[in-house]
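The values are calculated or read from the model by the stated rules, or taken from the named source; none is laboratory data. Quick caveat: nothing in here was measured; it's all calculated off a predicted structure. No Cβ is skipped: glycine too gets one built from the backbone with ideal geometry, and neighbour counts run over all protein chains shown. Just so you know, the surface numbers come from the protein's heavy atoms only, side chains and all, with ligands and any DNA or RNA stripped out. Shrake-Rupley method; radii C 1.70, N 1.55, O 1.52, S 1.80 Å.
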Amino acid sequence: MILIIESEKKLKQWIETNGFAGYDPYDLYSQVPHFRKVIYSKNFFIKNSVSKMYGILDKFFPLLLRRVFRVKKTINSKGMALLGLGYIFRYLNFREEKDLQKVYQISEWLLNNRNKIYPGFCWGYPFDWQSRIFIPEGTPSVVVSYAVGEFFLKAFELTNEKKFFDVVLGVCKFITEGLNKTKLDDDKFCFSYTPIDNFQVHNANLFAAEFLIRIGITYDIPDYIELGLAATKFTLSQQLPNGSLNYWGNEQNYSTKNKNDHYHVGFEIRLLSSIGKLTNNDVILKSAEKYYNFYINNLIYHNNQEFIPKMYPEKTFPLDIHACAESIILNTRLFELFSNMEFIELANKLSIWIINNMQNKNGSFSYCRWKYLNFYYNVKIPYLRWGQAWMFYALNYLIYNLNRIN
């Protein structure tokens with residue numbers, strides 16, 4: 001565990017030296033008008049050739065590209081929530097008062113920077129992003145609001161301060177009143193991704209479902225449990241024979257081939273596992289177990305010495321730091337839920353490889369790793385929300401649970 005603790009200290013030093021503002025994989029698309037014109041150009045040649053050139057430069061020289069176009073670093077609500085979770089677990093690990101002060105600092109920033117247009121408490125990204133529709137900067141999403149809600153719930157459990165729990169209930173209100181619902185039948189529906197879409201996206205739907213069920217069961221709010229279970233049934237009804245889920249629901253699963261990537265799969269397994277455990281539902285637990293078997297067989301590469309979190313089932317590289325962090329969080333969460341030592345042992349083995357191969361000398365973590373023949377190349381840009389915040393949370397969460405068994 002010494003390696004993990006030293007790694008966490010280096011990362012913490014980097015974060016506190018560089019501050020909460022940082023680059024993001026999506027900021028170039030939002031901040032550079034010229035780039036957006038190319039992406040959405042009606043000229044086929046420009047759209048395909050020039051955008052590919054931009055894509056290659058962004059893939060291998062992202063820091064240079066952002067400096068050339070003077071992209072500004074931003075503070076990201078999801079990144080702040082993840083850092084906040086990291087500081088909560090760090091405080092539980094080391095009991096340093098300055099870490100608790102960071103929790104209050106982050107909570108204050110999040111309260112001051114929430115979206116006030118929609119019901120309850122909700123947050124979005126500080127950039128525009130393009131899905132099947134255009135999502136403007138600041139539009140609240142369930143995946144961001146869940147992360148913030150998780151942070152405030154943990155802050156409430158740590159401090160017992162009512163103001164934190166008020167935010168938790170506000171996130172529930174956003175989920176139940178701010179999001180759209182696509183009804184499948186009388187007892188199944190899907191929560192939308194944001195208030196302005198009707199997407200059927202399984203990981204987003206499960207974030208909403210799990211949060212409502214957890215708050216509903218813990219604090220005796222039956223309506224939340226009922227809504228959460230109806231959303232869970234929607235997703236379970238579309239589980240594939242191999243145990244996995246497509247990214248999109250069946251009704252919207254068109255136009256592009258679906259890919260199972262490590263972090264979305266990880267989200268869905270831990271959310272289903274949590275729901276099954278909370279409700280003591282064998283059907284949900286068996287579905288989560290089946291999905292985890294798919295995960296182990298398709299998204300973890302291992303030999304006698306190394307355990308590596310693959311980004312996609314069909315290939316090991318490129319490796320992605322977001323996937324790396326999720327591999328630690330997922331397996332640590334499953335240990336926390338089921339007390340099975342195999343989960344925490346795998347999380348530990350994965351963390352060792354990640355630290356040895358993905359952490360930069362300055363303490364930050366590389367964005368991704370490519371392999372060409374026998375040559376490995378790390379893209380070292382330290383995206384704050386995408387990599388540093390996730391790893392800070394993952395390492396402190398792992399240390400907290402390793403301490404429980406030592």
*asked:* I'd like to verify a number: residues in the stretch 369-380 that are of a type in the set (A, V, I, L, M, F, W, C), open to solvent by 10 Å² or more (accessible area, probe 1.4 Å) and in contact (Cβ under 8 Å) with a residue 40 or more places away in the chain, how many?
replied: 1
*asked:* Which residue is least open to solvent (accessible area, probe 1.4 Å), if the candidates are limited to the stretch 142-178 and must be over 18 Å from residue 221 (Cβ atoms) and not aliphatic (A, V, I, L, M)?
replied: 151
_Residue, modelled with the lowest pLDDT, within the stretch 19-38, restricted to residues that are in a helix (DSSP H, G or I) and within 14 Å of residue 57 (Cβ to Cβ)_ = 38
*asked:* Checking the condition in contact (Cβ under 8 Å) with a residue 40 or more places away in the chain, within 29 Å of residue 370 (Cα to Cα) and surrounded by fewer than 17 Cβ atoms within 10 Å (Cβ to Cβ), which residue from 293, 304 passes?
replied: 293
*Give me the pairs, please: first residue somewhere in the stretch 342-367 and open to solvent by 10 Å² or more (accessible area, probe 1.4 Å), second residue anywhere and outside any loop (DSSP other than H, G, I, E, B) and hydroxyl-bearing (Ser, Thr, Tyr), beta-carbon distance under 7 Å, and either six or more positions apart or on two chains.*
355/7; 359/7
*Total residues in the stretch 125-141, condition touching an Asp or Glu at 6+ places or on another chain (Cβ under 8 Å), in contact (Cβ under 8 Å) with a residue 24 or more places away in the chain and open to solvent by 10 Å² or more (accessible area, probe 1.4 Å)*: 7
*How about the stretch 179-198: which of its residues are in a loop (DSSP other than H, G, I, E, B), surrounded by fewer than 24 Cβ atoms within 10 Å (Cβ to Cβ) and modelled with pLDDT of 95 or more?*
180, 192, 195, 196, 197, 198
*asked:* I'm told residue 144 meets every condition in (1) in a loop (DSSP other than H, G, I, E, B); (2) in contact (Cβ under 8 Å) with a residue 24 or more places away in the chain except one. Can you identify the failing condition by its number?
replied: (1)
*asked:* One residue is enough: does the stretch 209-231 have a residue meeting the conditions farther than 16 Å from residue 279 by Cβ, surrounded by fewer than 21 Cβ atoms within 10 Å (Cβ to Cβ) and either in contact with a Phe, Trp or Tyr (Cβ under 9 Å, 6 or more places away or on another chain) or without any contact (Cβ under 8 Å) to a residue 24 or more places away in the chain (or both)?
replied: no
*State all residues of the stretch 85-124 that are within 16 Å of residue 146 (Cβ to Cβ), within 22 Å of the chain's Cα centre (by Cα) and either open to solvent by 40 Å² or more (accessible area, probe 1.4 Å) or at pLDDT below 95 (or both); if no residue qualifies, say none.*
114, 121
